[in-house]
Structures are given as C-alpha cells and as structure tokens.
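Novice: First, the structure itself, so that you have it in front of you.
The values are calculated or read from the model by the stated rules, or taken from the named source; none is laboratory data. Every value quoted in this text rests on a predicted model; they were computed, and no experiment measured them. With ideal geometry, Cβ positions are generated from the backbone for all residues, glycine too; neighbour counts draw on all protein chains shown.
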Amino acid sequence: MSLKRLLSLFLLLLIHLFIPVLLLIWMSFIKNVRIVDFFMKTILTGLYFLLIYFSGFWGYFTYYLRYLFIILYSILVARSFFYFDRINSLISKSNPPHIILFIEVGLIFILSYYIYISLKAYSYDIKGINLDFPFNNGIYSIIWGGNSVVSPTMNRHYHHSLYKKIGIHDKTKYAVDITKLNGFGTSALGLLPKINEAYSIFQEEVYSPCDGKVLKVVNHIHENIPFSGIYPKDLGNRILIKTSEFIIMICHFQNGSIVVKEGDQIKKGALLGQVGNSGWSDQPHLHIQANHIDDSTSIGEGIPIFFDGKNPIKNTLFFK
Ligand SMILES: [Zn+2]
C-alpha cells in the first residue's frame, strides 16, 4: 500500500469516524459532571460536527453519515435537558483543573476559526458566471469548491503548493472538482479503491456547460492509479472552450475519450468526452474552471462559477 493511500485512509478515518464517535461517547456521560464540563462537552462537540459538516470529505464514507452525526448530536443535546436540574445542582462543585479548561477554550477558538473560514467560501469579491451543470444522470457532489483565496478548508485550488509553485493559483482560485455518488452516498465502492472503474464518475459522459468554440484539446494522457501519489504534474486530458466573455477549462478526461476537435463550434449540452483520472489527479473526477480572456496567455484570472444558478461549494449536491 502506498504511503499516500495509507496516510489518506488514516486521516479520513480519524476525522470522520474515530473523533466523532469519541466525542459522542464523551458527550453522553453527563451524569454528575460539573456545569463547566457540561457546557464544554456540548460546545466542543457541536463545533467539531459543524466544522466537518461543512468541510469534511463525505464522499469517501457516506453522505448519510454527515447528517446522522448532526441528528445524534441533537438527540444528545435534547437528552441533556432531562439532566439539567441535576447538573444545575452541581454548580458549586469544584472547577476543573485550569490546564483542561485552557485546552478546551483553545480548541473552541481553533474550531470557531476554521468554521469561520469555511463559511467565507460562500461569497466572492467579483461577480460570477452561470453555467449548465456538465452531467445529466445521477447525484453529484463537490469535492472542492468555493472561494479558495479566503477558504483553504473548502477549496484547495488557490493555496495548494503545486498551484503556487507553477504559478497558476490565480487562474485556478475558483475551480471546482466534481464527483458522483452511488446509492450508498459514496463516490466509490470501498475505501479509496485502487481501480478507476470503482469510482461512480469514471467514464461518465461530460456535456458542454456553455456555447462556444473549442480552443484547445489534449487527449493522449494515460490514467493514474487512484491515490498512488504518482501523477504527472499537468492538467491531464482537457478541453478549453472560448466564449465571447470567458474561457472554460475542463480537465482529467479519460485518455482518448474527447470527441470534439479544436476549432469546433459547440452548443450547450454537446457531448465532450468521458471523465477519467489523467494528469495531476488522485481519483476520477472532473475539474472545471472559468477564466477571463487574457490576450497574452489566453487564460487570465479565475472567475467564480455557478451551476444552474447554484453555488458549487464543497459538499453541495446536484441532483440531475
Ligand atoms: Zn481541481
């Protein structure tokens, strides 16, 4: 097993399963606790669940778990009211050690800060454009999306070291990565499977999100093994579509699947190709971005995208 896959698996399990379950267990022990402890448990657990609700990677486990944790937390909060008289009577009990309180308050600040920057992903400082959603068959979720300049927890397309290193972060800052969910609410069968075919979105047909002229096509790059950590540092098989106002770039198509040619005039909804896992990509998914037209380099600064009028923030679902 590659180090990349092992590390990803460990972090996914820790963030979405181990910590939430431990917090729920910790929260459920409220008999004979001090009032301070009771509030700390409720606030800390609530903030953690809120943070992972917004910025977690639910497609790897299941989106159902995202909602289940919120329900379980609400049940535990409601249950605690039955104990409230008893807790209240314990108010005079000695305070917890200062160091524990200090750590808990510190964690509350850290969690609040990350929730705050996650929520900042919803707004942009410049006007966005509206596109058609590029798929039409199933439930799709956003892996990374939103204002990545102010919100690295929701969208990595600006702050990631690779984008900065090759100097394209200003062009990719509002890019969106899309995956597809199966009936279990996950993007693949199994945890980080090694074969592309296990991912629901692999070989899914991609349709043009706008009218325009095909400016560039790259269609010869081989597929990656998911989560191997060994990827070519380029955008993979891709299409650039130019309209009168902007350029759309769509990346990571399957090798040889693109059916349009450079110079073609295409309409919204035209078949473009199939989703693959080519270029710098962990797993089969579609990367899409909009850019201003820059005379010198063709692609200028990034523009925020909306699909069918909806803001594609991380974890937004599209039902098609
Ligand atoms: Zn991307």
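Novice: Does Tyr158 qualify as being within 16 Å of the ligand (Cβ to nearest atom) and assigned to a loop (DSSP other than H, G, I, E, B)?
Specialist: yes
Novice: For segment 187-207, name all the residues that are among the β-branched types (Val, Ile, Thr) and touching a Pro at 6+ places or on another chain (Cβ under 6 Å). Lay out the reasoning, then the answer.
Specialist: Narrowing segment 187-207 to residues among the β-branched types (Val, Ile, Thr): 195, 201, 206.
Selection gives Ile201, Val206.
Novice: Of Ile266, Ile293, Ile303, which residue is aliphatic (A, V, I, L, M) and modelled with pLDDT under 95? Outline the logic, then answer.
Specialist: On the way: Ile266 fails: modelled with pLDDT under 95; Ile303 fails: modelled with pLDDT under 95.
The match here is Ile293.
Novice: Another question about this same structure. Grab the strands (runs of 3 or more DSSP E) fully contained in segment 172-279, keeping just those with 2 or more residues being out of contact with any Gly (no Cβ under 6 Å at 6 or more places or on another chain) and over 20 Å from Asn291 (Cβ atoms).
Specialist: 271-274
Novice: Would you mind telling me which numbered condition in (1) surrounded by fewer than 22 Cβ atoms within 10 Å (Cβ to Cβ); (2) away from the ligand (no atom under 14 Å from the Cβ); (3) not basic (Lys, Arg) Ile247 fails?
Specialist: (1)
Novice: Filter segment 169-188 for residues that are within 17 Å of Gln203 (Cβ to Cβ) and away from the ligand (no atom under 12 Å from the Cβ); which is surrounded by the most Cβ atoms within 10 Å (Cβ to Cβ)?
Specialist: That would be Ser187.
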